[in-house]
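The values are calculated or read from the model by the stated rules, or taken from the named source; none is laboratory data. Quantities reported herein were computed from a predicted structural model and do not represent experimental measurements. Because the Cβ atoms are built from the backbone with ideal geometry, glycine has one as well, and the counts that use them run over all protein chains shown.
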Amino acid sequence: MVNGYTAATLEEALNIRAEHEVVPYAGGTDLMVENRPGVTYLFLNKISELKRISVDEKYVRIGSGATFTQALEDNRVPQLMKDAVALIAAPAIRNAGTFGGNLGNGSAKADSVLIEFVADAKLRLVSLRGERIVDVDRFYLGRKKLDLRDDELIAEILLPKTGLEQYDYQKVGGRNALAISRVSFAGVFSTQDGKITNIATAFGAVADTVLRFKDLEDTLLGKTPEEAKALKAQYLKSYADRMVLTRGRVSAEYRKTVCMNLLSEFLTRFGI
Ligand SMILES: Cc1cc2nc3c(=O)[nH]c(=O)nc-3n(C[C@H](O)[C@H](O)[C@H](O)COP(=O)(O)OP(=O)(O)OC[C@H]3O[C@@H](n4cnc5c(N)ncnc54)[C@H](O)[C@@H]3O)c2cc1C
């Protein structure tokens, strides 16, 4: 028997969250597997305001309760995000699994979160006390470690509308579908007047959280791809030195080699 409260509106949900010790429950694709006895759930899947996908001048705003299938069918969602969620599991999981739920575990394997990292996405967190907007990398601190307070819910993911057009996404798994990824990579790249204005790369499923080294990326900003190419060998070495991988079913050395090959190919593709 599953105990829980069902909220029809976000306000109702926030009231319940403030008054009771509850675990938010969206699509349930992670929680069903966990099967935690004695827990009281707060069912969010009737709340239409959390399921909305909308746009404003700067962002595509994905409601935390939007499913992966919904995003795949929405032409406002950036293709990079679609490429990543299209490879999540099988249709039944994509029909139920949500963006908020993908963030909720703090797992380094969460495929939509990897894209949020390279997109410099922000999250809108809400409680009865108000709302806060946080950068995804300040929120997502490691397995089960989120900057989420007991009375808060994830309301929206704010994905920048521009700057994600030139990208690469790779998921290297044991099997393509139905595989929890072993190594996943995303990168975005922009130039203006021949100079690099943005380069963001991140790896999922290889460490306790998504790995991104912004300070290394910064060393390539303002350079032409040709100038950056001259620094490539040192860049890759510095990157490899920083990458501390957890042991998985596949050895850390193998996965690190895969990571460095993916990064090198990404740089080559953009003339570096
Ligand atoms: C067979 C299988 C294959 C899978 N393959 C993949 C895969 O390839 N890639 C991948 O990334 N994932 C995969 N998953 C994991 C899962 O489907 C995703 O993580 C999904 O996004 C979870 O969403 P959900 O709505 O079902 O979350 P739920 O199970 O409802 O919740 C997950 C967590 O998020 C919290 N939560 C949910 N909504 C909120 C909110 N609004 N505010 C605060 N906390 C919230 C919950 O409390 C819980 O801790 C797979 C799962 C299964 C069972």
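Which condition does Arg76 not pass, out of (1) within 13 Å of the ligand (Cβ to nearest atom); (2) in contact (Cβ under 8 Å) with a residue 12 or more places away in the chain; (3) farther than 16 Å from Ser127 by Cβ; (4) outside any strand (DSSP E or B), if it passes all the others?
Status for Arg76: all satisfied but (1).
With the requirement that a residue be away from the ligand (no atom under 13 Å from the Cβ) and closer than 18 Å to Leu50 by Cα, what does the range 103-128 give you?
Scanning the range 103-128 gives Ala121, Lys122, Leu128.
Okay, residues lined up against (1) in contact with a Phe, Trp or Tyr (Cβ under 7 Å, 6 or more places away or on another chain); (2) in a strand (DSSP E or B); (3) under 13 Å from Glu156 (Cα atoms):
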position: Ala8; (1), (2), (3): no, no, no
position: Glu11; (1), (2), (3): no, no, no
position: Asn15; (1), (2), (3): no, no, no
position: Glu21; (1), (2), (3): no, no, no
position: Pro24; (1), (2), (3): no, yes, no
position: Lys82; (1), (2), (3): no, no, no
position: Gly100; (1), (2), (3): no, no, yes
position: Ala108; (1), (2), (3): no, no, no
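Which one is farthest from Thr162 (Cα to Cα) among residues in the range 81-98 that are surrounded by 22 or more Cβ atoms within 10 Å (Cβ to Cβ) and more than 7 Å from the ligand (Cβ to nearest atom)?
Val85
Any residue at all in the range 216-228 that is assigned to a helix (DSSP H, G or I) and under 20 Å from the mean Cα position of the chain (by Cα)?
Applying the first criterion (assigned to a helix (DSSP H, G or I)) to the range 216-228 yields 216-218, 225-228.
Still in the running and under 20 Å from the mean Cα position of the chain (by Cα): 217.
There is at least one residue in the range 216-228 that is assigned to a helix (DSSP H, G or I) and under 20 Å from the mean Cα position of the chain (by Cα).
Look at the range 239-272 and say how many of its residues are at pLDDT below 95 and in a loop (DSSP other than H, G, I, E, B).
Here the count works out to 9.
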